[in-house]
1. Distance between Cα centroids, the stretch 43-111 to the stretch 214-234: provide it in whole Å.
2. For the chain, what does the relative contact order come out to in percent, with C-alpha contacts under 8 Å and a separation of six or more?
3. For residue 438, which sequence-distant residues (separation of 5 or more, or a different chain) have an amide H within less than 5 Å of its own amide H, given hydrogens modelled in the peptide plane?
4. Taking the Cα centroid of the stretch 454-477 and of the stretch 345-409, what is the distance between the two, rounded to the nearest whole Å?
5. Rg (Å, one decimal) plus Dmax (Å, integer) for the alpha carbons of the stretch 142-380?
6. Calculate how steeply helix 466-483 sits against the longest principal axis of the alpha-carbon atoms of the chain, using the helix alpha-carbon long axis, and give the answer as 0 to 90 degrees to the nearest 10.
7. Under the rule of at least 5 residues apart or a separate chain, name every residue whose amide H is placed under 5 Å from the amide H of residue 215.
8. Name the long-range amide H neighbours of residue 417: under 5 Å, sequence gap of 5 or more, or other chain; modelled H, no Pro or chain starts.
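Just so it is clear, none of the values below were taken in a lab; they were calculated from the coordinates. Quantities reported herein were computed from a predicted structural model and do not represent experimental measurements. When we count neighbours, we look across all protein chains shown, and the Cβ atoms used for this are built from the backbone with ideal geometry, even at glycine.
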Amino acid sequence: MTRSIYDHFHWTTFRVTAVRPDLVVELPLRLSDDARPLPVRICEGVRELIMDGVLAPGDHLPSTRSLSAQLAVSRGTVVASYEQLEAEGYLVAAAGSGTQVNPDLHGLHRRCATTAATPRPQRHRGIDLTPGAPDTAGLANSAWRSAWHRACVNPPRITDPLGSPRLRHEIAEHLRQMRSLLADPRQVVVTGGARAGLAELIQVLSAGSRRLTIGVESPGYPSLRKVPTALGHRTIGLRTDDHGLDPDSLPTSRDGTELDAALITPSHQYPWGGSLSASRRAAVIQWAEATSCWIVEDDFDSELRHVGAPLPALASLDAEHTILLGTFSSVLTPALGCGYLVVPPDLVNPFARQRRATGQPVPTIVQEAVADYLSTGALRRRTQRMRQIYRRRRRTVIDILGSLPGTTLQPIDGGLHAVLVFHGSEEGIVQQCRHEGVGVIPLSTYWGSHDPEVAGIVLGFGSHDDATLASALKIIAKVVTEHA
Ligand SMILES: Cc1ncc(COP(=O)(O)O)c(C=O)c1O
């Protein structure tokens, strides 16, 4: 612990009440026990509270009357101390609101900053089209609020390590209706979202210590690809094209590479957008059977299909090797931190064993609120409503970016992002868009093991209202036309 320069003194600590805008707090004011005049020692004590960040810029101090009463000293002593600290710039006397710590004093205190003392990060003033953000504007309707109200008033105790039995039942029902997947609720595991679910799954598959080799799509979703690497496992890139994963890129033991699992997006390849044909699905399942490898099906945004009905999950064709990795991030909000896995029967007990040691990753109140929201049919209704809105925005993307010379807009059959491919400097276009206030992501960030074959940008069209989206897309169109 850092020693204070005042530590050699003997201290007397008084607990004094200071007033923050909305609460009264007790602060330990330390007064050294020596022969120097009292105002000097009070100044020292207050200065130390400020330097330590206990008193933050903008905090109110007790009135001179109150502090003198609390310290049992004359009011004149406290007035002299405050005047001295005002002269030094630590305090300011605000007309009508007593004395407060100088609001401009940020960065002065020597220990870690309190949140109140930390300057707020600058908000990005432009239009951020980073993919992965759904529209959450109308989410907090009466169904959402009553789900949270009920969950908060009477949260049950969840004893099952795999999650709330009620939520697991509702997730199975959701999958039956939205994904044509008949899942046994006992095989559903509630997780903290796709990334958290993948991390837990890898720990189970590696039995805590074995180093795994995991195939990941390239290009593919970078945040999920990073999970195995962050946990010390090896990844190898699997080739993808407009139709999803190329099954010929799956290694066999003859190649000298044995995969433990392959992480793929069969219904909506990320970022290309294609979906795996029936023949490729059959080839992937055959490969998994022949190599005894797990397939982890990232089913991220499959409910949000714009062309035709949602495609059945690969897990509905192969329940033995396929593990479904789902999340409520895209259909509700990533802020929920809630998702699920549907695991084959053989993995249920190992998962439960691990969870008994590590505990539930999703708070009971969240699980209960999501279960409630699902049970009333509110998620189904919301998904239907949002599909209309997202289809309209997808149309706007196609209208504005669909026929720019020298570019190709990848088909947007589902989801909330678009890929615009062009000949030209990816970095130049991304920087220029940013300069003009629109945030987009370079396509090259989605490649893992080999160099990108094309240049392009990836943009999310889900989260902004129609007018904001259209104005951002027009800026992108202008920049791309100038550069491509
Ligand atoms: C393809 C894909 N999978 C998974 C996720 C992440 O889901 P979660 O937020 O639940 O970790 C995303 C988020 O954008 C994604 O694009």
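1. Each part's Cα centre sits 53 Å from the other's.
2. On the way: 849 pairs, mean separation 76.9, N = 484.
Averaging sequence separation for qualifying contacts and normalising by length gives 16 percent for the chain.
3. Those lying under 5 Å, H to H, from residue 438 are 127.
4. Value for the Cα centre distance between the two parts: 21 Å.
5. 17.4, 59
6. Helix 466-483 and the main axis of the chain meet at about 70 degrees.
7. Placed amide hydrogens put 236, 260, 261, 262, 263 under 5 Å from residue 215.
8. The list, which skips near neighbours in sequence, is 461.
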